[in-house]
Amino acid sequence: MRIDCLVAEIGSTTTVVNAFQIHQEPVAFLGRGVHQTTVDTDVRAGLQKAIEDLKKNLGVEELTYDELYASSSAAGGLKMTVHGLVYEMTAKAAEQAALNAGGNIHLITANRLEEADVRKVEKIKPNIIVVSGGTDYGEKEIAFQNLCDLAKLGIPIIYTGNKVNHERIQALGYEHVSIVDNVYPRVDDFNIMPLREAIYQTFEKHIIHAKGMRYIFEMVNHGIIPTPGAVMDTTLLLDEIYDGVMTLDVGGATTDIHTVCEPKPEFQRMLEGQPKMKRTVEGDLGVYVNRINVLSSWKDEDIRRIFRLEKDEVKKILEDEPFIPLTEQGKKAIDILTTRCVELALDRHVGDLRRVFTTNGYKVIPDGKDTTQVKAIFLTGGALRYAEEPDQIIKRYLKQRPTKLIPDENTPIYMDEHYIFASLGVLSRIYPQETKALIKQTMKKMGEF
């Protein structure tokens, strides 16, 4: 059997290979293969085993392919630190660009770095350091001095601050320092895309930690991008279709939310400086690695009320169940944890309507990300895919948060039925129109299964 495109998602624990028909009508998702990632030996072995599993699932003995693309979160994903001038301005803009590209942010600093900050970065050993600071033709010294201090560590750095520093940074002669357009060139102007693309390029150039990964780079037809960044790429493509979208991804270790939308017109002036694209990563909210952390987010009396069991009894159930629960009791417990992850992650991601006292009395003003203009919600990740009623988890939240800047409770909800969201993001960078057709074919509206 000959296949147009394979897309490999090489994770820290699992390697997935998805097969697509792209070059003939109709475009189609053909099937998938899965195998444990062989990160300690050679990731090519796990990739080949996943392809063997794909052959088995397709019922064929021979399989060839024209193109291979890939995303990766192997070797712990994309670890980053971000350093700006003012937190709510240049640091925040750089942080959002890093998150949207799939970065895991381990440290954010604002203003002049202290020696202790540099030591923290050295201890973290990030894959990429982002230095921002100063609007164009504004303050320039802090960003330049911060870069000089961090460049001595020898870690790849992307400079995305005041452009007047470009020439003297180039004069330093550091090969591991790259320069892109200012992520915050003017007040309340987020210029995220150049930094986002630079992160992808730096990831491809420098992030080859897993054994055999450099050979994967030689095998693929296009650069390898971070898997969470690929999820945002799909979300961005969905925004072109729906003009306002949200993606929720509840995983074993984290819960990620991606939103692309503008605020409602009457909030536009009050929310200047809020980026159109927002990704949040809740590292304490997951239904496998972090399931006990999620359980501990409730008080003991709430656990008794919700689970109708004592905390120790629930804890024992969660500790005994594998990644995908096997018992009915375990499945029910994971569904409850999934609901909790969604609620807490959305609470942190979405803005609020707040009452403030002014000289003219109390006023209600928006604060944070306004997602009221989202026109479609997409669900991905194993926890939501296997939940009993995932759309009801979302609808209950939308009904019960009157002060939150959330989508309308009747917003249509779609499921990533085949769990190919990241693979679609990878394909979208090469075949955007074909990927749009795949999206319409594979994203199933809840209630129409």
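The values are calculated or read from the model by the stated rules, or taken from the named source; none is laboratory data. Source: prediction; values computed, not measured. Methodologically, a virtual Cβ is constructed for each residue, glycine included, from the backbone with ideal geometry; neighbour enumeration extends over all protein chains shown.
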Next on the checklist: I'd like to know if region 145-164 contains one or more residues that are free of Cβ contacts under 8 Å to residues at least 24 places away in the same chain and within 18 Å of M193 (Cα to Cα).
Outcome noted: no
Checklist entry - Can you tell me which residues in region 246-278 are of a type in the set (S, T, N, Q) and touching a strand residue (DSSP E or B) at 6+ places or on another chain (Cβ under 7 Å)? => result T247, T254, T255, T259
Checklist outcome for this item: Restricting region 365-392 to residues that are more than 17 Å from the chain's Cα centre (by Cα) and in a strand (DSSP E or B), the one nearest to V289 (Cα to Cα) turns out to be A376
Item to check | region 56-95, subset among the charged types (D, E, K, R) and assigned to a helix (DSSP H, G or I), residue farthest from I155 (Cα to Cα) | outcome: K56
Checklist entry - Take the residues of region 120-137 that are among the basic types (K, R) and outside any loop (DSSP other than H, G, I, E, B): which is nearest to A97 (Cα to Cα)? => result K120
Checklist entry - Does R396 fit the bill of being farther than 17 Å from G244 by Cα, touching a residue at least 60 places away in the same chain (Cβ under 8 Å) and of a type in the set (K, R)? => result no
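This table checks each residue for (1) surrounded by fewer than 24 Cβ atoms within 10 Å (Cβ to Cβ); (2) closer than 16 Å to A93 by Cα.
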{"position": "A143", "(1), (2)": "no, yes"}
{"position": "N146", "(1), (2)": "no, no"}
{"position": "D149", "(1), (2)": "yes, no"}
{"position": "G161", "(1), (2)": "no, yes"}
{"position": "V164", "(1), (2)": "yes, no"}
{"position": "Q170", "(1), (2)": "yes, no"}
{"position": "Y174", "(1), (2)": "yes, no"}
{"position": "N182", "(1), (2)": "no, yes"}
{"position": "D189", "(1), (2)": "yes, yes"}
Item to check | Looking only at region 107-137, and only at residues there that are small (G, A, S) and in contact with a Leu (Cβ under 9 Å, 6 or more places away or on another chain), the one that is farthest from H83 (Cα to Cα) | outcome: G134
Checklist outcome for this item: So, first residue touching a residue at least 12 places away in the same chain (Cβ under 8 Å) in region 323-337, second residue of a type in the set (G, A, S) and assigned to a loop (DSSP other than H, G, I, E, B), Cβ within less than 7 Å, six or more apart or across chains; the pairs are F323/G252; D335/A387
Checklist entry - Just to be sure, is K316 touching a residue at least 12 places away in the same chain (Cβ under 8 Å), in a helix (DSSP H, G or I), basic (K, R) and surrounded by fewer than 17 Cβ atoms within 10 Å (Cβ to Cβ)? => result no
Item to check | Residue selected from region 1-23 under the condition at pLDDT 90 or above and outside any strand (DSSP E or B), by the criterion surrounded by the fewest Cβ atoms within 10 Å (Cβ to Cβ) | outcome: H23
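Test V131 against the criterion of being hydrophobic (A, V, I, L, M, F, W, C), buried (at least 22 other Cβ atoms within 10 Å of the Cβ), over 21 Å from K276 (Cα atoms) and in contact with a helix residue (DSSP H, G or I) (Cβ under 9 Å, 6 or more places away or on another chain), and give yes or no.
Considered against the rule, which asks whether it is hydrophobic (A, V, I, L, M, F, W, C), buried (at least 22 other Cβ atoms within 10 Å of the Cβ), over 21 Å from K276 (Cα atoms) and in contact with a helix residue (DSSP H, G or I) (Cβ under 9 Å, 6 or more places away or on another chain), V131 comes out as yes.
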Checklist outcome for this item: Exactly one of L248, L195, L236 is surrounded by fewer than 22 Cβ atoms within 10 Å (Cβ to Cβ) and either in the same structural domain as A98 (by TED's automatic domain parsing) or modelled with pLDDT of 95 or more (or both), and that residue is L236
Item to check | region 251-273 - residue that is in contact with an Asp or Glu (Cβ under 7 Å, 6 or more places away or on another chain), under 20 Å from L353 (Cα atoms) and in a loop (DSSP other than H, G, I, E, B) and, of those, modelled with the lowest pLDDT | outcome: G273
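State whether one or more residues within region 351-364 are surrounded by 15 or more Cβ atoms within 10 Å (Cβ to Cβ), part of a strand (DSSP E or B) and β-branched (V, I, T).
No.
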Next on the checklist: Quick check on my filter: what residues within region 393-449 are polar (S, T, N, Q) and outside any loop (DSSP other than H, G, I, E, B)?
Outcome noted: Q400, S423, S428, Q433, T435, Q441, T442
Item to check | Top-ranked residue in region 260-279 [being surrounded by 14 or more Cβ atoms within 10 Å (Cβ to Cβ) and aliphatic (A, V, I, L, M); ranked as farthest from the chain's Cα centre (by Cα)] | outcome: L271
